[in-house]
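Working notes, beginning with the structure itself.
The values are calculated or read from the model by the stated rules, or taken from the named source; none is laboratory data. What you see is a predicted model, and the numbers here were worked out from it, not measured in a lab. Heads up, the Cβs are rebuilt from the backbone with ideal geometry, glycines too, and the neighbour counts pull from every protein chain shown.
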Amino acid sequence: MPLFSKFVVALTVVGRAAAFGRIGARAGALRVRSGGDTRLHSAVATAGTPTKLGDPQEFLDSVDVFIFDCDGVIWKGDSLIDRVPAVLKKLRELGKRIFFVTNNSTKSRKGYKKKFEGLGLEVEPEEIFSSSFAAAAYLEQTKFKDTGKKVYIIGEVGIEDELDLIGVPHIGAGADSAKAPNMKPGGKLDVDEDIGAVVVGFDREVNYYKIQTAQLAINELGAEFIATNLDAVTHLTDAQEWAGNGAMVGAIKGCTGREPTLVGKPSPLMIDYMEEKFGLDRARICMVGDRLDTDILFGNDNGLKSCLTLSGVTTEEKLLSPENKVIPDFYVDSIADYL
Ligand SMILES: [Mg+2]
């Protein structure tokens, strides 16, 4: 069975929980199917009190692979977080494998490599897992290309670039940003009958034309509804939080009554892909992120170690509040605490 498609069941469960805001206490009870083995992963990590990292050496010895979320961990907006280059250098010297996983779909892996380089960080494209890449990988594994259909994109150039790399035809995205449907009496929008899937990612130019096209494709043509991520808010600038892809996905859910197939965090899809492709041992992988409901949940539900950093969106107060049920194995002020 294709690598990605065998996880669709688990993925839909997690996607639904996240979509309805039921992640948290219940997440610990979600069973994640992996490699034919059903395990209950996060029961321990979702109970108890968060622990601040005390002994970095012991922690580093217990981890072979670090998966870093980017925004709020490596950088904030366009500024590098203090001492990150020294941390990455030390981890590489210690022989640790490093991956960067981001739910941001606006750039392709190539686009991210440029961003890393612009901040003075040397990374390999295969170390980067963006949700734009996850969407392409999912389409590849489900053999979408064999259907001869095309993808309609609500989203930006990152998704277009990744679909180009796997040779899947696509329409929409920037090309539809200035369009408006004919809404005069008798007016209609003619939708391309060959749309077989709608990929919804963060789109700064989302408009009614794109929403109506997605609505027709999903409701009338039976196109698959795929979401790169469900993040409620994002960091377009460091001055405030901005409405995230949850807004675009919510619009399409609202007019179709459908739940999307989720390919970004906290779905297990990316970690399953890494495990199979690179032969990684989950128990010695640590997911490092600044967000409880995606990063830490992703780590806990997939049998990884998890480490929350307070350098992004989550405050210590929120982490330690009795309402928070997503508990990381450790937390740090920033990843500079690994030094
Ligand atoms: Mg983040």
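Among the basic types (K, R) and more than 28 Å from A137 (Cβ to Cβ) - does that describe any residue in the range 299-315?
Looking through the range 299-315, none of the residues is among the basic types (K, R) and more than 28 Å from A137 (Cβ to Cβ).
Can you find, within the range 291-310, the residue that is farthest from the chain's Cα centre (by Cα) among those that are among the small types (G, A, S) and buried (at least 24 other Cβ atoms within 10 Å of the Cβ)?
Only one residue tops the list, namely S306.
Counting only residues that are within 12 Å of the ligand (Cβ to nearest atom) and either free of Cβ contacts under 8 Å to residues at least 12 places away in the same chain or among the basic types (K, R) (or both), how many does the range 67-89 have?
1
Within the group V73, V84, which residue is under 30 Å from D203 (Cβ atoms), over 21 Å from the mean Cα position of the chain (by Cα) and modelled with pLDDT of 95 or more?
Result of the check over V73, V84: V84.
Looking only at the range 119-136, which residues are of a type outside the set (D, E) and surrounded by fewer than 21 Cβ atoms within 10 Å (Cβ to Cβ)?
L119, G120, L121, V123, P125
What helices (runs of 4 or more DSSP H) lie completely within the range 82-148 and have 2 or more residues being out of contact with any Phe, Trp or Tyr (no Cβ under 8 Å at 6 or more places or on another chain) and of a type in the set (S, T, N, Q)?
Because the criterion is at least 2 residues that are out of contact with any Phe, Trp or Tyr (no Cβ under 8 Å at 6 or more places or on another chain) and of a type in the set (S, T, N, Q), the helices (runs of 4 or more DSSP H) in the range 82-148 that meet it are 131-141.
T234 - would you say it is modelled with pLDDT under 95, surrounded by 14 or more Cβ atoms within 10 Å (Cβ to Cβ), within 16 Å of the ligand (Cβ to nearest atom) and polar (S, T, N, Q)?
yes
One line per residue, one yes/no per condition, for (1) touching a helix residue (DSSP H, G or I) at 6+ places or on another chain (Cβ under 9 Å); (2) part of a helix (DSSP H, G or I); (3) away from the ligand (no atom under 16 Å from the Cβ); (4) under 21 Å from V233 (Cα atoms):
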{"site": "K265", "(1), (2), (3), (4)": "yes, no, no, yes"}
{"site": "D272", "(1), (2), (3), (4)": "yes, yes, yes, no"}
{"site": "A283", "(1), (2), (3), (4)": "no, yes, yes, no"}
{"site": "L297", "(1), (2), (3), (4)": "yes, yes, no, yes"}
{"site": "G303", "(1), (2), (3), (4)": "yes, no, yes, no"}
{"site": "S311", "(1), (2), (3), (4)": "yes, no, no, yes"}
{"site": "K318", "(1), (2), (3), (4)": "yes, yes, no, yes"}
{"site": "P322", "(1), (2), (3), (4)": "no, no, yes, no"}
{"site": "A336", "(1), (2), (3), (4)": "yes, yes, yes, no"}
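Confirm whether V168 is away from the ligand (no atom under 16 Å from the Cβ), in a loop (DSSP other than H, G, I, E, B) and touching a helix residue (DSSP H, G or I) at 6+ places or on another chain (Cβ under 7 Å).
For V168, the condition - away from the ligand (no atom under 16 Å from the Cβ), in a loop (DSSP other than H, G, I, E, B) and touching a helix residue (DSSP H, G or I) at 6+ places or on another chain (Cβ under 7 Å) - is met.
Residues to consider are A239, A247, A217; find the one that is under 19 Å from the mean Cα position of the chain (by Cα) and not assigned by the TED database to the domain that holds D301.
Every option except A247 fails the conditions.
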